[in-house]
Structures are given as C-alpha cells and as structure tokens.
Amino acid sequence: MKKNLSEKKDKQFVFTTQSPTTKNCPYCGVKLAKIPKRKKKCPNCGNYIFVSKGKLFTEEEKDIRDWLMRFEHLKITRKMFNKKREKLSSQLGLVASVNDTGENILYEINKQGISEEVAEWKKSGDVKYVRWRTVNDECVCSVCRKRANKKFLLSEIENLYPAHIGCRCYISPIVEL
C-alpha cells in the first residue's frame, strides 16, 4: 500500500518499529473491552488488528515482521529495513510498500553476491564469458527472454545482471581451459 505524502513539507521519511500493544488498538489507541485472540476489526476505527503471541499489531507491522522472519537467514535487521524504506520513499516521494522495500533489499543482495562471484571468476582467469539463464516459464520478462542463453563478456555482465528487481535469472560461467 502506497500513501502519498506530498503534504509533508520536508519530504523526509522516518520509519520506526511499532511497539506492540496488548490492550489497545494499535491504530487508534482505544482500550479494547476484550483482547482479541486472532485478527479482528477495531470497534472504534474499523481497522483490522493482527495478533501474534498475544500482542496486537497493525497490518503493516505484521507484514514487515513476516517479511523479516521469511528472510532472517540473510540477517536483515529491522534497522536495515527501515533505512532502505526511508531511502526508497524519499526517491519515490511516496511511502514505499513493504513488498517494494523487500524486493529492493533482495535485489541489492543479489547484485552484491554476483559482484563477488564475478570478481572470483576474473581472479581465476579461466572465465571470460558467462551464459544468461532464465527459469524459462511464462513469467520471464521480455528483457530476460531476449538475453536467454546468450553469451556475455564477463566484464560487461555486472552492468546487466540482475536485469531488474525481482529478476529470477542466473548466469553460469563458461570455463575455458
């Protein structure tokens, strides 16, 4: 969900971690007569309250926590997530969605990983070319479809790969002995 923040004068985006509540609506702060055990609409503001381990969250906070848990093996902290979201939001002029922020983080991790791999291939001296590979399904974009199975110089691949955020392609080295 993107929110237009053009009414903000300084156009600075600052994100903080929501402290979970146990008795109040996380949106409007009204004290709840009965603490929900699962997702429920707030009787005061009408927003859905999400419950996890007895704590109450907004939908956005739930989504961020879910995303961080799904990719916890990558050691992405909430601070890193908030910083990326602030930067992305400033670039867009809108509050970046949880998914947009996550995809951007994964893109950068992928880009960094391929840079390290390419550096190792260059160092070995055995790899001069790589082959572009796709997952070869109906979701492959037109850019990647045109590059599929093509041979690229190792020196130019860092500027081409990954082709876009969410790219599922990979490159394989062509080893010349």
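Just so it is clear, none of the values below were taken in a lab; they were calculated from the coordinates. Here the structure is a predicted model, which means the values were calculated and not measured. Quick reminder, even Gly has a Cβ in these numbers, built from the backbone with ideal geometry, and neighbours come from all protein chains shown.
For the chain, the longest principal axis of the alpha carbon atoms and the long axis of helix 78-92 meet at an angle near 80°.
Annotation: cysteines of the chain without a disulfide-compatible partner (Cβ-Cβ under 4.7 angstrom) are CYS139, CYS141, CYS144, CYS167, CYS169. In the chain, the longest principal axis of the Cα atoms and the axis of helix 98-124 are about 30 degrees apart. For the chain, the longest piece that avoids every one of the GluC sites (Glu not before Pro) found in DSSP loops with at most 15 other C-beta atoms within 10 Å covers 8-137. Mind grabbing the base-10 log of I(q)/I(0) for region 125-175 at q = 0.22, 0.27, 0.29 Å⁻¹? Debye formula, identical points on the C-alpha positions, no solvent, two decimal places. Log10 I(q)/I(0), no solvent term: -0.74, -1.04, -1.16. Computed about its Cα centre, the charge dipole of region 125-175 is approximately 180 debye, with only Lys, Arg, Asp and Glu carrying charge at their Cβ. Computed from the alpha carbon atoms alone, the convex hull of the chain holds 165 Å³ per residue.
Largest GNM mean-square fluctuation across SER90, SER155, SER142, computed for the chain with C-alpha springs under 10 Å, falls on SER142.
With the helix formula -39500 (n - 2.57) applied to DSSP H stretches of n ≥ 4, the chain reaches a computed 222 nm mean residue ellipticity of -12000 deg cm²/dmol.
Residues whose amide H lies under 5 Å from that of TYR129, counting only those 5 or more places away or on a different chain, are LEU154, ILE174; hydrogens are built 1.01 Å from N in the peptide plane.
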